[in-house]
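The values are calculated or read from the model by the stated rules, or taken from the named source; none is laboratory data. Just so it is clear, the model here is predicted, and its values are computed rather than measured. Backbone-built Cβ (ideal geometry, glycine too); neighbour counts: all protein chains shown.
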Amino acid sequence: MSLEAWITAATVVVMFGALASERVPPAAAVLSATLFLLVIGVIDEAAALSGFANAAPWTVAALYVLAFAGDKTGMMGPLVNRLLGRGDKLTTTSTARLLLPTAGISAFINNTPLVAMLIGQVTTWCNRRGISPSKILLPVSYAAILGGILTVIGTSTNLTASGLLQESGQDPIGLFEITKVSLIPAIAGMVVLVFVVTKILPERKDALEEFTEDLDEFAAQMKVVDGGPLDGITVADAGLRNLKGIYLVEIERDGHMFPAVSPSRVLRGGDRLTFVGESDQVVDFQRSTKGLASAESEHLLEVDSPEHTFYEAVIGADSRLVGQTLADAEFRTRYQAAVVAIRRSGRRIDSQLGKVNLEAGDTLLLLAGPDFRIRSRRAKDFLVVLRIGGPPPSASKRAPFVGLLAIAVIGLAAFEVLSIFELSLIAAGLLIATKTVSISESGEAIDFGVILLIAASFGVGAAIETSGLAQTISNGLVDLFGSWGDLGIIFALALAMTILTELASNNAAVVVLYPITIAVAAEAGLDPRIMVLMIAVMASSSFLTAVGYQTNMMVYGPGGYRFGDLIKAGMPLTITLLITVTLVTWQLA
């Protein structure tokens with residue numbers, strides 16, 4: 001093996017190690033690997049920048065705008081309530097009524113924004129019927145994943161594989177071309193999902209229920225005494241910051257609410273201060289603090305109102321909050337919101353919130369004003385933001401237009417009137433031209449971390465191919481599994497992709513394995529195009545971990561799931577997809 005191949009192999013190992021550790025944003029890890037390979041001389045400038053000139057990342061960006069328009073106009077809202085029905089129980093029938101259309105829609109709408117649309121609707125439906133959202137949120141993510149593998153536009157991974165084929169001078173993947181590999185596995189997966197996975201998922205408490213019941217915490221209101229020692233001084237000078245076991249979440253003054261209390265805010269006589277904490281700590285605080293008069297205590301949920309309400313927010317892998325504490329990030333000032341609880345891996349963190357180093361996937365329970373979701377969307381620090389309680393949003397007058405536009409994109413792509421790249425850009429342009437989505441909103445809609453990751457990963461793939469690493473690995477795989485025939489070789493590649501996509505980014509995984517797959521196909525005499533379709537399907541079939549697929553991370557916090565829940569629920573699906581995809585590919589290749 002050449003020196004360039006050894007360098008590339010070491011770089012890929014370090015890159016996947018960084019991706020698996022979650023300590024750096026995925027895009028940063030892949031871009032760093034590409035830049036290193038460029039500087040060291042393994043690839044040239046053309047190879048390093050080839051992904052940015054490819055249609056794949058720009059197609060994904062345009063489809064993000066289309067999906068955002070569906071979310072903004074409430075296109076999915078009325079549909080969810082009809083699918084789940086009006087019953088008070090979550091039955092196999094109502095579950096199937098939701099999951100099957102979710103999979104169908106996910107085949108044509110990027111599944112990440114689709115799941116973001118569904119989480120709030122499904123959670124509201126469950127809460128109103130006393131059903132634990134954990135019984136259905138993870139199946140919604142799994143159904144979206146299974147639907148996404150049915151078409152080339154169902155997931156960014158499929159579009160990345162299509163872009164790789166174009167890069168090598170071949171035709172892009174047709175809209176339904178991947179369906180011949182994925183249809184039978186998707187059907188088998190849906191059967192397992194409806195009849196097995198939904199039955200074994202445990203009931204978990206959501207963040208608000210856990211906060212109010214498990215730790216016996218409540219909100220207490222106190223008034224600032226007119227002319228007292230606290231009248232006219234700041235919150236910080238009053239000693240109301242960094243309290244032990246209790247914290248100030250809002251101030252009410254003359255009917256106006258200030259849900260994110262700045263340390264520099266000056267207290268006035270008559271201000272009503274709401275504190276949240278453990279009951280014994282609140283009582284002790286009331287007794288020991290001078291200048292505050294006890295007001296009538298109220299249950300935490302009664303703090304909720306149109307002026308300030310509770311939200312759940314899931315921190316994304318690319319968030320600037322990762323690795324920072326709430327204090328370091330100046331969370332209250334930046335978002336005008338007060339965090340009252342943090343949940344990680346299905347369990348509440350009991351230590352002082354201001355000193356907790358935040359991680360990707362953490363779920364924050366916070367109190368904020370009604371415009372918090374808009375502010376948080378601009379910041380792009382959260383995968384999903386859910387308003388707890390309140391009526392579900394209704395569809396706007398623009399929803400039919402967005403729906404027809406999506407149908408037009410699908411139909412014209414199916415008949416190959418125009419390429420998916422051209423159609424997606426036209427759709428995004430029409431949405432902006434008709435002011436359905438503003439230019440600033442289109443920028444908010446696009447996950448630039450994903451776009452950068454896809455574009456940068458092409459350089460890593462080029463290094464694996466040009467350095468000879470792909471040929472070396474393919475020779476080893478054929479020698480190792482060749483005695484088992486084509487079936488053994490296909491299974492080995494499918495298993496390798498399953499492991500890689502669970503450990504790190506699915507887009508990075510498909511780019512890394514692409515040149516190896518092409519080399520293996522040539523060595524074993526298999527159809528290279530079918531083999532590429534196979535690794536694309538397996539790259540998206542991530543069911544075992546939250547980090548493996550973004551939709552899993554999105555539902556992880558709101559569903560109150562723990563690590564073992566995904567292993568237990570995802571293992572039957574992983575085995576089903578691994579076996580069925582291998583057998584179907586074996587017949588086609």
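Of all helices (runs of 4 or more DSSP H) completely enclosed by region 370-438, which ones contain at least 2 residues that are surrounded by 18 or more Cβ atoms within 10 Å (Cβ to Cβ) and modelled with pLDDT under 85? Don't jump to the end; show me each part of the working.
Values: elements: 372-379, 399-414, 420-433.
The qualifying helices (runs of 4 or more DSSP H) are 372-379.
A search for C-beta distances below 9 Å between a residue of region 446-474 that is at positive phi and assigned by TED's automatic domain parsing to the domain that holds G429 and any residue that is in a helix (DSSP H, G or I) and small (G, A, S), counting only pairs 6+ apart in sequence or on different chains, returns G468/A5.
Screening region 17-54 for residues that are surrounded by 20 or more Cβ atoms within 10 Å (Cβ to Cβ) and modelled with pLDDT under 90 and picking the one that is farthest from V460 (Cα to Cα) gives P25. Among all positions in region 155-167, there is at least one residue which is under 23 Å from Q121 (Cβ atoms) and buried (at least 24 other Cβ atoms within 10 Å of the Cβ). State yes or no: is D486 assigned to a helix (DSSP H, G or I), free of Cβ contacts under 8 Å to residues at least 12 places away in the same chain and of a type in the set (D, E)? So D486 fails the test. Selection of region 134-149 for residues being touching a Phe, Trp or Tyr at 6+ places or on another chain (Cβ under 9 Å) and closer than 20 Å to K89 by Cα yields S134, I136, L137, L138. The helices (runs of 4 or more DSSP H) falling completely within region 499-589 that include 2 or more residues that are in contact with an Asp or Glu (Cβ under 8 Å, 6 or more places away or on another chain) map to 506-524, 563-588.
Against the criterion of being under 27 Å from the mean Cα position of the chain (by Cα) and not acidic (D, E), A46 does not qualify.
Of the residues L146, L138, only one is outside any loop (DSSP other than H, G, I, E, B), modelled with pLDDT of 95 or more and not β-branched (V, I, T); which?
Working: L138 fails: modelled with pLDDT of 95 or more.
Just one listed residue meets the conditions, L146.
Beta carbons closer than 8 Å, at least 6 apart along the sequence or on distinct chains, pair a first residue in region 324-337 that is assigned by TED's automatic domain parsing to the domain that holds D381 with a second that is of a type in the set (V, I, T) and surrounded by 15 or more Cβ atoms within 10 Å (Cβ to Cβ) for T325/V356; L326/V339; L326/V356; F331/V339; R332/V261. If only residues of region 92-114 that are more than 22 Å from F176 (Cα to Cα) and touching a helix residue (DSSP H, G or I) at 6+ places or on another chain (Cβ under 9 Å) are counted, the one that is surrounded by the fewest Cβ atoms within 10 Å (Cβ to Cβ) is T92.
Just one of the listed residues (D318, D328) is farther than 20 Å from M257 by Cβ, of a type in the set (D, E) and under 19 Å from the mean Cα position of the chain (by Cα), and it is D318.
Tell me the residue from A504, A509, A445 that is of a type in the set (G, A, S), crowded, with 19+ Cβ neighbours inside 10 Å and over 27 Å from W586 (Cα atoms), please. Spell out how you get there, then give the answer.
Numbers: A504 fails: over 27 Å from W586 (Cα atoms); A509 fails: over 27 Å from W586 (Cα atoms).
That would be A445, the only listed residue that is of a type in the set (G, A, S), crowded, with 19+ Cβ neighbours inside 10 Å and over 27 Å from W586 (Cα atoms).
Looking across region 312-335, just one residue is touching a helix residue (DSSP H, G or I) at 6+ places or on another chain (Cβ under 7 Å), of a type outside the set (A, V, I, L, M) and surrounded by fewer than 21 Cβ atoms within 10 Å (Cβ to Cβ), and that is T325. Scanning region 412-441 for residues that are farther than 13 Å from I109 by Cα and not hydrophobic (A, V, I, L, M, F, W, C) gives E416, S419, E422, G429, T434, K435, T436, S438, S440, E441. Contact annotation: residue pairs with Cβ atoms under 9 Å, 6 or more positions apart or on different chains, pairing a residue in region 100-123 that is free of Cβ contacts under 8 Å to residues at least 40 places away in the same chain with a partner that is crowded, with 24+ Cβ neighbours inside 10 Å and aliphatic (A, V, I, L, M), are P101/A143. Within region 23-73, the residues that satisfy the criterion of being within 15 Å of V512 (Cβ to Cβ) and not in a helix (DSSP H, G or I) are V42, I43. Would it be correct to say that D318 is outside any helix (DSSP H, G or I), modelled with pLDDT under 85, under 24 Å from N506 (Cα atoms) and in the same structural domain as H256 (by TED's automatic domain parsing)? So D318 fits the description; yes.
Hey, could you check region 178-187 for residues that are buried (at least 18 other Cβ atoms within 10 Å of the Cβ) and either touching a residue at least 40 places away in the same chain (Cβ under 8 Å) or outside the structural domain of Y142 (by TED's automatic domain parsing) (or both) and say which is farthest from L577 (Cα to Cα)? If you could, list the steps in order and put the result at the bottom.
Residues of region 178-187 buried (at least 18 other Cβ atoms within 10 Å of the Cβ): 178-179, 181-182, 185-186.
Still in the running and either touching a residue at least 40 places away in the same chain (Cβ under 8 Å) or outside the structural domain of Y142 (by TED's automatic domain parsing) (or both): 178, 181-182, 185-186.
Details: I178: 15, V181: 11, S182: 9, P185: 6, A186: 8 Å.
The residue in question is I178.
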